[in-house]
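Heads up: the structure comes next, in structure tokens.
The values are calculated or read from the model by the stated rules, or taken from the named source; none is laboratory data. Source: prediction; values computed, not measured. Glycine also receives a Cβ, built like all others from the backbone with ideal geometry; neighbour counts cover every protein chain displayed.
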Amino acid sequence: MSFTPSIDEAASYLSSAPSLSKVSNTVKLELYGLFKYLKVAPKPQGSRPHIFDMTGRAKWDAWKAASDAYENNNQAAAQRYRAIAQELGWKPDSTPSSAPGKGSEDGDGGGGGDGRAQNDSAGSRSSGGGGGMGTSVSLLVNPDPDLGEAQTLHGLAIAGDAKKLMAFLLVNPAVDINARDEFDYTALHLACDRGNLPVAQALLSKGGDPLLKDPDDYTAAELAQVAGHQEIYDLLNK
């Protein structure tokens, strides 16, 4: 792709713009998605990050949203990026044109230019990392369960041990197989998002409801499909 210098200049300005401290995550994510679409790749590569990598997932979604909204219309995407930058105080030609180019470490917030949004957030879950537009997206992230949590229905679904899950259900026959955790996910949602096929099969055999939707309005099958777990998707669509 080729771009006018003002995209790099806008990104350079945004990397240290004081006005960003008052910008919502929604705007930051839009800038992130636009920058990735324009400077890295037309669409995110690889699977959508799993549920508990909320920062990575939000970035991936923002990138995909930009891809869907501006498909084959780079000029409109660039205009939108520049317009937001101007709203935040950037004045065209007011910054040097030595801003980083496509895929550089400073230019895309640590994504490394490989086009994978989930790598942007690796190792920076608490801060959200940079965004390719000089912003840091801060979102709540729930870490993987510890050993204690792994003894719960949802913890076992994440851990991916179908035998332990079945043993747990045998000892706790009254447990609600479709119970939701504090983030409003069922155990089946978690298993499908993580790609834990044996666990998904076990949950279904015990009455797990594949039609229930998660907080993002995805069913278990849709979570599996978006995350690239075709076997689970096929299982749920038999």
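Return yes or no: is residue 37 of a type outside the set (A, V, I, L, M, F, W, C), modelled with pLDDT of 85 or more, in contact with a helix residue (DSSP H, G or I) (Cβ under 8 Å, 6 or more places away or on another chain) and farther than 30 Å from residue 189 by Cβ? In short, no. Candidates are the residues of segment 134-174 that are at pLDDT 50 or above and β-branched (Val, Ile, Thr); the one that is farthest from residue 34 (Cα to Cα) is 171. For segment 32-87, the tally of residues that are surrounded by 20 or more Cβ atoms within 10 Å (Cβ to Cβ), among the aliphatic types (A, V, I, L, M) and within 30 Å of residue 157 (Cα to Cα) stands at 3. Of all the criteria given as (1) farther than 28 Å from residue 215 by Cα; (2) free of Cβ contacts under 8 Å to residues at least 40 places away in the same chain, the one not satisfied by residue 22 is (1). Of the candidates 19, 6, 104, the single residue that is touching a Gly at 6+ places or on another chain (Cβ under 6 Å), at pLDDT below 90 and surrounded by fewer than 23 Cβ atoms within 10 Å (Cβ to Cβ) is 19.
Which one of 47, 67 is of a type in the set (S, T, N, Q) and outside any helix (DSSP H, G or I)? It would help to see each step written out before you state the result.
On the way: 67 fails: outside any helix (DSSP H, G or I).
47 is the lone residue from the list that is of a type in the set (S, T, N, Q) and outside any helix (DSSP H, G or I).
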